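The structure under discussion appears below in the form of structure tokens.
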Amino acid sequence: MNSMASKSADIRPGITLACTVCKERNYITTKNRRNTPDRLELKKFCPKCGKQTLHRETR
């Protein structure tokens, strides 16, 4: 039973999104490794910068 939980965690790991401008870590989310093997990059609102900036996946 315990191995099932770890298997699902391997497919959808938790990631943190950090602003590329001010390096502030603003968002925590999950991603599917099978569909998105590369580092995730999204335009999100950064409260420190006060505007939409590119946020990159950090571990």
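Miscellaneous remarks
- Scanning the range 38-59 for residues that are in contact (Cβ under 8 Å) with a residue 24 or more places away in the chain, in a loop (DSSP other than H, G, I, E, B) and of a type in the set (Lys, Arg) yields Lys48, Arg59.
- Pairing each residue of the range 12-27 that is in contact (Cβ under 8 Å) with a residue 24 or more places away in the chain and in a strand (DSSP E or B) with any residue that is of a type in the set (Gly, Ala, Ser) and surrounded by 13 or more Cβ atoms within 10 Å (Cβ to Cβ), provided the two are 6+ apart or on different chains, yields C-beta distances under 7 Å for Arg25/Ala18.
Every number here is computed from the coordinates shown, using simple stated rules; none is lab data. This is a predicted model, so every value here is computed, not measured. Cβ: placed from backbone, ideal geometry, glycine included. Neighbour counts: every protein chain shown.
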